[in-house]
Amino acid sequence: MDTQMLETKFKPPVNAAVWFEIPVSDLEKAKAFYSKVLMTEFTDQNGGPNPMAVFAYSGRAEQGVSGHLYPGQPAASGAGPTIHLPVPDSVEEAIARVEAAGGKVLSPVIEIPAGRFAYCLDPDGNSIGIFSN
């Protein structure tokens, strides 16, 4: 199928991602890390196959994009995909919290047209970007 045909047949989604999952070795410790770094809260959900902690977001379910932490096997340190997570203050303040909470900062602050971010690892070795615009 050629590109022009794809463009006329399929409308791109509003968001390229609809949900994310971050596997962690200890759910309570991971919630503490992400709560401290992102200055956010979680909603615990225990009705599915795994307990999970859902990241807070202000959009309605049909408009917002969120994700959750769940007990699982993290990828080898830094080998999995990278999810970029927003912080309510500066990237510099957030990366200081990453280190204080047991994570690792992998890059200096990087500027892009949409904002600023730094690559980090959570205590389980999951690759994350700390983002601020």
Longest principal axis of the chain (C-alpha) makes with the long axis of helix 27-38 (C-alpha) an angle, in degrees to the nearest 10, of 80
Of all DSSP beta bridges in segment 18-132, what percent run antiparallel (nearest 5)?
-> 65
Would you mind giving the average projected area, over all directions, of the Cα convex hull of the chain in nm² with one decimal?
-> 10.2
Compute the acute angle (0 to 90°) between the alpha-carbon long axis of helix 91-100 and the principal axis of greatest extent of the alpha-carbon atoms of the chain; round to the nearest 10°.
-> 50
GluC sites (Glu not before Pro) within segment 54-123: DSSP coil, no more than 14 neighbouring Cβ in 10 Å = 62
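Taking 0.36 nm per intervening residue step and subtracting the Cα-Cα distance, what contour gain separates residue 29 from residue 110 on full extension? Numbers along the way, then the final one.
Working: separation 81, 0.36 × 81 = 29.16 nm, distance 2.80 nm.
Result for the pair: 26.4 nm of gain on full extension.
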Quote the relative contact order of the chain in percent (integer), defining contacts as alpha-carbon pairs under 8 Å separated by 6+ residues.
-> 24
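Every number in this text was worked out from the coordinates using simple rules, so none of it is lab data. Nothing here was measured: the structure is a model prediction, and the numbers come from that model. Heads up, the Cβs are rebuilt from the backbone with ideal geometry, glycines too, and the neighbour counts pull from every protein chain shown.
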